[in-house]
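Visitor: One structure, as structure tokens, below. Some questions next.
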Amino acid sequence: MATYTLPELPYDYAALAPVISPEIIELHHDKHHAAYVKGANDTLEQLEEARDKDQWAALNGLQKNLAFHLSGHILHSIYWHNMSGDGGGEPLEEDGTGELAEAIAKSFGSFARFRAQLSKAAATTQGSGWGVLAYEPVSGRLIVEQVYDHQGNVGQGSVPILVFDAWEHAFYLQYKNQKVDFVEAMWKVVNWQDVAKRYAQAKDRVPLIAP
């Protein structure tokens, strides 16, 4: 059975300082992300055992655990590449991200309006969660989603292309309880080349068509 592995960081622990401290990057990746990978693999083993024994009493809990841990693994895997020490600003034609810039303007009216919505979505997520820019394949538009925990409150079939981690473990050691300050700082490290690549890949998939 295929298992999940913790991906290596695309940079060293200090690459995103001062926006995100090396200590946070190390703990976040090596401990928190690793825990989601282990949780997904452990749950897959438990599901395999349930199938082998034809015992389904714990199925609902196992399915929920798999969704939680697997979604945590996927979102974190996107998160690391969404950031760069050379990032920030906004997508521009001269930087090779003009198609993304046009899509943002079409879907939200302007980059400033998009930024305001994603910032608010990330900063006001109740409890733990994420602010997400996603490609919605039915309309072909970009949408902002407010993800509770890792997997709740998302449009089915939408593809995340930019994610802001709003869990306390992503910022508390450095920003304390000032989540808004952390979200604002995140814009300084957004890797728009990575986001543009993910947008192009999502857009080129076969679109979902309602029956």
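The values are calculated or read from the model by the stated rules, or taken from the named source; none is laboratory data. All values reported here derive from a predicted model rather than from experimental measurement. Every residue, glycine among them, receives a Cβ derived from its backbone with ideal geometry; neighbour counts consider all protein chains shown. Ligands, DNA and RNA are stripped out before the accessible areas are found, and what is left, the full protein with its side chains, is counted by its heavy atoms. Shrake-Rupley method; radii C 1.70, N 1.55, O 1.52, S 1.80 Å.
Visitor: At a 1.4 Å probe radius, carbon and sulfur cover how many percent of the accessible area of the chain?
Guide: 51
Visitor: Next question. Which of Ser107, Pro18, Gly61 sits closest to the plus end of the dipole of the chain, meaning its Cα is farthest towards the positive end, when Lys and Arg get +1 and Asp and Glu get -1 on the C-beta?
Guide: Looking along the dipole axis, the top candidate is Ser107.
Visitor: What per residue convex hull volume, in Å³, do the alpha-carbon atoms of the chain yield?
Guide: 139
Visitor: Too long at a 32 Å Cα-Cα cut-off: which of Lys31/Lys106; Lys38/Lys179; Lys106/Lys188; Lys64/Lys203; Lys31/Lys188; Lys64/Lys106?
Guide: Too far apart for the 32 Å limit: Lys31/Lys106; Lys64/Lys106.
Visitor: Among His73, Thr3, Val144, flag the residue with its Cα farthest along the positive direction of the charge dipole of the chain, charges on Cβ as +1 for Lys/Arg and -1 for Asp/Glu.
Guide: Among His73, Thr3, Val144, the one farthest towards the positive end of the dipole of the chain is Val144.
Visitor: Rounded to the nearest 0.05, what FRET efficiency is calculated for Leu6 and Gln201 with R0 set to 30 Å and r the Cβ-Cβ distance?
Guide: Here the calculated transfer efficiency is 0.85.
Visitor: Placing unit charges on C-beta atoms (Lys and Arg positive, Asp and Glu negative, everything else neutral), compute the dipole magnitude of the chain about its Cα centre in debye, rounded to 20.
Guide: Around 640 debye, computed over the chain.
Visitor: Largest first, how would Leu100, Leu27 line up by accessible area (1.4 Å probe)?
Guide: Leu27, Leu100
Visitor: Which value, in debye to the nearest 20, gives the size of the charge dipole of the range 47-163 about its Cα centre, when Lys and Arg are +1 and Asp and Glu are -1 at the Cβ?
Guide: 480
Visitor: Just to confirm, what accessible area per residue do you get for the chain at 1.4 Å probe, in whole Å²?
Guide: For the chain, the per-residue accessible area is 53 Å².
Visitor: I've got another one for you. At 1.4 Å probe size, with no ligands or nucleic acids counted, give the accessible surface of Glu99 in Å², nearest ten.
Guide: For Glu99, the solvent-accessible surface is approximately 100 Å².
Visitor: Does anyone have the angle between helix 98-108 and the longest principal axis of the chain? Alpha-carbon axes, 0 to 90°, nearest 10?
Guide: 80
Visitor: Can you compute the charge dipole magnitude of the range 1-98 about its Cα centre, using +1 on each Lys and Arg Cβ and -1 on each Asp and Glu Cβ, nothing else charged? Give it in debye, rounded to the nearest 20.
Guide: 560
Visitor: Over the range 72-150, consider all pairs of different Cα atoms and compute the Kirkwood hydrodynamic radius from their mean reciprocal separation; express it in Å, one decimal.
Guide: About 13.7 Å for the range 72-150.
Visitor: Between Asp95 and Ala14, 0.36 nm times their residue separation minus their Cα-Cα distance comes to what?
Guide: Gain on stretching Asp95 to Ala14: 26.7 nm.
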